[in-house]
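I have placed the structure first, in the form of structure tokens, so that the comments after it can refer back to it.
Read the figures in this text as sums done on the coordinates, not as results from a lab. Computed from a predicted structure; not experimentally measured. When we count neighbours, we look across all protein chains shown, and the Cβ atoms used for this are built from the backbone with ideal geometry, even at glycine.
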Amino acid sequence: MNDGTPVGDMTEQQAKAELARLAELLNRANTAYHQDDSPEIPDADYDAFKIRNAEIEARFPALKRKDSPSDQVGAAPAEGFAKVTHSVRMLSLSNAFDDEDISDFVTSVRKYLGKGTETALVFTAEPKIDGLSLSLRYENGQLVQAATRGDGETGENVTANARTIDDIPQTLDSAPDILEVRGEVYMSHADFEALNARQDEAGQKTFANPRNAAAGSMRQLDPSITRARPLKFFAYAWGESSAPLADTQFGAIDRLKTLGFSTNPLTIRADSPAQMIAHYREIEAQRATLDYDIDGVVYKVDDLGLQARLGFRSTTPRWAIAHKFPAELAWTHLEAIDIQVGRTGALSPVARLTPVTVGGVVVSNATLHNEDYIAGRDASGNEIRGGKDIRVGDWVQVYRAGDVIPKVADVDLSRRPDGTEPYIFPETCPICGSDAVREEGDAVRRCTGGLICAAQAVEKLKHFVSRAAFDIEGLGAKQIEAFYADDQLPVREPADIFTLQARDSQNLTKLANRDGWGETSAGNLFDAIEEKRDIQLARVIFGLGIRHVGEVAAQDLARHFSTWEAMATALDTARPAALAHRAADAAAEAERALAASENRRARISEARKKAEAGCDVPDAATTAWADLIGSDGIGPTMALSLSDAFANPEERAAMDRLLAHLRPVAPEARDLGSPVAGKTVVFTGTLEKMTRAEAKARAESLGAKVSGSVSAKTDLLVAGPGAGSKAKKAADLGIETLDEDGWLALIGAT
DNA sequence: GTGCCTCGAGTTCC
DNA sequence: CTCGAGGCAC
């Protein structure tokens, strides 16, 4: 198609036909690319087609199609599947890599449950299927919806495709009215080989491994294609259920089997770490003879009542763990070491490798962690612990951690070619040339250029538009890079995003008329930006990208302060106390370094001076500082980092410019239905029916805030036997106090 | 002071 | 997904 008539010689009819072909081709390629399936056409061809499309449109503007690919560029991909929000989140599992991790897991389960579980703690053990997870929703026995895992909260609706899989029943007899069955879609080795042979014969692309084949097949927009692919399904879990399936995990799996699902035959019960590990070894030995891929063994607490008590950490259940098989390794040649600069200025070394296949995927880059990992010796010639002395030209061993992230694991010194030099880690930023320094005890070297450094500025902007922050549709990493470098319509700081439209209207060449943009895509972008002027306060705080302040800390801060102004005022007030805190730390540090330092007098006196400066810290500052670091999840490190950011005139001015465009929304209490929502609760004394961690997690899930100490802000004290000073203080302050049973009754868990 | 448990930050491939 | 480090409980 590309070697067709030169655009200049084209008739209108030829142009029209070719635009139609290009639109179909490019839009299909877009879909394939964005759906994580491998791209249908190479990037170079894609770009060439896109350029040709633009050329033809430029010469025949009247022929531009409604679905023109030039309008799609920069915009979000057309949605292939509808989104589905899971009624019960689909979580991932935490991983274990050796036997010790397993006994640790069992110990931690025991510990969390507290007394009374020394005996009779039973686990299930089953192979972990390497496929893609699927949630099947049945209502009154009818399959009504199938959804992929997605990010765990929201997946994609693939019901039509799921209906083509023989292992998935369309109807269930005597099942709960509402039942979500979860399991893994996979492809057997035999079917995979046959499919690839067919694909090859038909001149179609083959799949790298059974999992990609299964994932690719499941994501076909045309269910008839999925039907032709030999997919299978193992059920191993459930989401929402209107009636319990059983009392135990094992019983529930059995019930799923009775309902007509296929369940994995290698599932057993085990009542000790030794038995669990024995089953792991057995499955590992059988691995090569199985007709499907597995990547480990999953253990779950069998008793569903205990599972409920154990509950969840932020992303994983406490009652299950995946014992992974050792990762596949590959040796390859290290061609170069490049340095990347992250949003906090961190310099990260990346290995450029001769491409090699690891676990079914071609890897050409891998992380080298940090300076010490590469280095053999430090400046004074001492060996560095954990350092491998990795040099450009070496043979290195690569693996994919958790079967995803490529890493350099080792170096073969016996195969080192002559004339290699130890790698010298740069002490200046490769992007902006500023000094790159390592703070004491820190593993990473950081560029000190701040926002002067283009790499840091761009990465910060990418963070600002990222999903957990402003999440602006049509303004992803690529567009940020383009806008940052743009002379006519630059975006150099977050506030610039919100002035884009106004500035564009002043420009001679409008965004809509540029290559790769059109009226629709430019309009969509401006709309998407406009939409985010009303935004959760937590997202604003997180989006600023202040070091040590991540998504969770941002939520804590938003809940603590409710408004931007309150937070800014508190930080301003607390500033003298923050400085005093740092000075006190420095003084302590100087004293510790006393013996080692020749300059100790100077250092100590300087530190003393600073500490003295802290003496006239206003009371208000002390109070504001104490309030900040006393609030849940915020410690001195985060508080100092925040304080520094707000006290830095340039950073603060940029924040003010940004906030002028925003209307931050205060966070809501989490569960307004619960009587403890929004309350600050303190637990003290011995809890008999739950452990401390359990009590805290439970209270927080109901929207309460759990604090460690009683203060005027405490709403409720839960006191078990042996409560001491806290109970007394609560009584003095007139704070409501309950015993454990009273608490359980209050939250409705008797 | 020590030892969990989480969170934050950085990273690759598609 | 992993590693390092911050926060907090013991």
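List every residue whose amide H lies under 5 Å from the amide H of A:G518, counting only residues 5 or more places away in sequence or on a different chain, with H placed 1.01 Å from N in the peptide plane. Under 5 Å from the amide H of A:G518 lies no amide H from a residue far enough along the sequence or on another chain. To the nearest 0.05, what FRET efficiency results for A:A194 and A:A160 with a Förster distance of 22 Å applied to their C-beta separation? Working from the Cβ atoms, E equals 0.40.
Can you give the FRET efficiency to the nearest 0.05 for A:S174 and A:F312, using r as the Cβ-Cβ distance and R₀ = 35 Å?
Numbers: r = 30 Å, r/R0 = 0.86.
Given R0 = 35 Å and the Cβ-Cβ separation, E is 0.70.
Using mean Cβ contacts within 10 Å as the protection proxy, how do A:278-290, A:320-332 order, highest first?
Working: A:278-290: 14.0, A:320-332: 17.8.
Listed from highest to lowest mean packing, they are A:320-332, A:278-290.
The stretch between A:T258 and A:D616, if pulled fully straight at 0.36 nm per residue, gains 121.4 nm over its current Cα-Cα span. Ranked by the mean number of other Cβ atoms within 10 Å of their residues, highest first, the peptides A:145-156, A:100-111, A:501-512 fall in the order A:145-156, A:100-111, A:501-512. Here segment A:613-645 and segment A:202-241 have alpha carbon centers that stand 54 Å from each other.
Quick one: net charge around A:S94, please, counting Lys, Arg +1 and Asp, Glu -1 for every other residue with C-beta under 13 Å from its C-beta. Value of the local net charge: +3. Sketch the reach of a paramagnetic label on A:K83 as a point 7 Å from Cα along Cα-to-Cβ, and name the residues of segment A:639-669 whose backbone nitrogen lies under 12 Å away. Answer for segment A:639-669: none.
Which of A:E193, A:E493 has the fewest other C-beta atoms within 10 Å, and how do the rest follow up to the most?
Details: A:E193 12, A:E493 20.
Neighbour counts put them in this order, fewest first: A:E193, A:E493.
To make sure I understand, if each residue's beta carbon is the centre and we count other beta carbons within 10 Å, what order do A:M655, A:M187, A:M218 fall in, fewest to most?
Numbers: A:M655 21, A:M187 29, A:M218 24.
Lowest to highest Cβ neighbour count: A:M655, A:M218, A:M187.
Among A:V444, A:V88, the order by Cβ neighbours within 10 angstrom, fewest to most, reads A:V88, A:V444. Under 5 Å between amide hydrogens, built in the peptide plane, is the criterion, and for A:V298 it picks out A:E126, A:K128, A:H323 among residues at least 5 positions away or on other chains.
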